[in-house]
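K.L.:
Handing you a structure now.
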Amino acid sequence: MWIVLAFFSAALLGLYDVCKKFALRNNAVLTVLWLNTLFCSLLFVPAIVLSYTGHITADSMYFVPATSWAEQRYVMLKAVIVLSSWLCGYYGMKWLPLTIVGPINATRPVMVLIGAMLVFGERLNLYQWIGVLLAIVSFFMLSRSGKKEGIDFSHNRWIALIVMAAVLGAVSGLYDKYIMAPVTDGGVGINRMTVQSYYNLYQLALMTIAVALMRRGEQFRWVWTIPLISIFLSVADFAYFYALSISGALISVVSMIRRGSVVVSFFVGAMVFKEHNLRAKVIDLALVLLGMIFLYIGSK
């Protein structure tokens, strides 16, 4: 069941990236991101209120249980990590082709796997090491493809931001497993709906402050894809959190499957945005996907 949810989440994440690219073109990054956090919060506020008033009961998958301040602090840290990743990713995506951003983001499972090895004591087998090496090779090949479009990976700040977004995203994935894992398994045991509902609210608060202090001279225009960003992301995250809450779910496998969203974003970047140098990028993407297959085989 958790694998099916991971694939469903991956498809929605691909649509999320596409809508994000549409919304960010010639648009104010901070305002688009603030609206994203606003709409995501509005989607989950009813669950919090209805759970508090008793209209949603504890046996419902949408129930948000009451939590202590100690648990809320973990969720607040989750909000800071995710929002930092989003800020880096939004600015990078605005100025880079989707066919470059997607494959870079697809290397997150490798980062998660290495993190799981360092933090949770997991050990990589031969297949997983092959997957890691293929991801590294694909990244260097992608840098060569980028140079043909005037993008120098070693001196481009937007590439640096996308890489930082991927690293923070991997950190977030590892942190999710920790705070939602049962206490008996060494985790914090926070309910998944609590995490998703409240971290959106904390992000909204942080982004409201950021927009008030930092937005200078950015011209904003409304586009129809802005609310779709929040809808696709919220449903994708709901499926993701639900998958992680299922006993036996492996964060390394779930994270790897979710990165399959790159297929959707790459196809749209090629067909809709008419991005260039696609033949070389397809090879890069194929290496990323092959690496993910090896990670999956090695994680079974």
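The values are calculated or read from the model by the stated rules, or taken from the named source; none is laboratory data. Computed from a predicted model, the values in this text were never measured in an experiment. Quick reminder, even Gly has a Cβ in these numbers, built from the backbone with ideal geometry, and neighbours come from all protein chains shown. What goes into the accessible areas is simple: the full protein's heavy atoms, side chains included, and nothing from ligands, DNA or RNA. Shrake-Rupley method; radii C 1.70, N 1.55, O 1.52, S 1.80 Å.
K.L.:
Over region 1-100, with a single point scatterer placed on each C-alpha, what log10 of the ratio I(q)/I(0) does the Debye formula yield at q = 0.12, 0.22 1/Å?
P.N.:
Normalising to I(0) and taking log10 leaves -0.58, -1.24.
K.L.:
When you count, for each residue, the other Cβ atoms within 10 Å and take the mean per peptide, how do 1-9, 102-110 rank with the highest first?
P.N.:
Working: 1-9: 17.9, 102-110: 27.1.
Per-residue Cβ counts within 10 Å, averaged per peptide and sorted highest first, yield 102-110, 1-9.
K.L.:
Something else: Could you tell me which residue out of ILE179, LEU134, GLY121 lies farthest along the dipole of region 108-192 toward its positive end? Charges go on the beta carbon: Lys and Arg +1, Asp and Glu -1, centred on the Cα centre.
P.N.:
LEU134
K.L.:
Before anything else, pin down the relative contact order of region 141-300: Cα pairs under 8 Å, at least 6 apart, normalised by residue count, whole percent.
P.N.:
It rounds to 24 percent for region 141-300.
K.L.:
A further question follows. Hey, can you list the DSSP H helices of the chain whose Cα span along the axis is 24 Å or longer and whose average Kyte-Doolittle score is at least 0.0?
P.N.:
Working: long enough: 2-24 (32 Å, 1.53); 29-53 (36 Å, 1.87); 69-95 (39 Å, 0.37); 126-147 (32 Å, 1.12); 157-180 (34 Å, 1.31); 192-214 (32 Å, 0.79); 225-245 (30 Å, 1.53); 278-299 (31 Å, 1.74).
For the chain, where a helix must reach 24 Å along its axis and average at least 0.0, the hits are 2-24, 29-53, 69-95, 126-147, 157-180, 192-214, 225-245, 278-299.
K.L.:
Let me know the shape class of region 62-161, please: from the alpha-carbon gyration tensor, a ≥ b ≥ c as square roots of the eigenvalues, rounded when a/c is under 1.5, otherwise prolate if a/b is greater than b/c, or oblate. List each step's numbers first, then the result.
P.N.:
On the way: a/c = 3.03, a/b = 1.42, b/c = 2.13.
Because a/c hits 1.5 or more and a/b fails to exceed b/c, region 62-161 counts as oblate.
K.L.:
Under 1.5 on a/c is rounded, so check that first for region 216-300, then, if it is not, pick prolate when a/b is larger than b/c and oblate when it is not; a ≥ b ≥ c are the square roots of the alpha carbon gyration tensor eigenvalues.
P.N.:
oblate
K.L.:
With 16 Å as the cut-off, how large is the P(r) tail for region 102-209, expressed as percent of Cα-Cα pairs? Please report the intermediate quantities before stating the final value.
P.N.:
Numbers: 3989 of 5778 pairs.
Percentage above 16 Å: 69.
K.L.:
Determine, for each peptide in 230-241, 150-161, the mean count of other beta carbons within 10 angstrom over its residues, then list the peptides with the highest first.
P.N.:
230-241, 150-161
K.L.:
Measure off, as a whole percent, the carbon and sulfur share of the 1.4 Å-probe accessible area of region 1-138, all protein chains present. It would help to have the intermediate numbers written out before the result.
P.N.:
Details: 4400 of 6080 Å².
For region 1-138, the apolar C and S fraction of the accessible surface comes to 72 percent.
K.L.:
Based on Cβ point charges of +1 for Lys and Arg and -1 for Asp and Glu, what charge dipole magnitude is obtained for region 245-300 about its Cα centre, in debye rounded to the nearest 20? Can you show the working numbers first?
P.N.:
Values: 6 positive and 2 negative charges, 6 e Å.
Using only the charged Cβ atoms, the result is roughly 40 debye.
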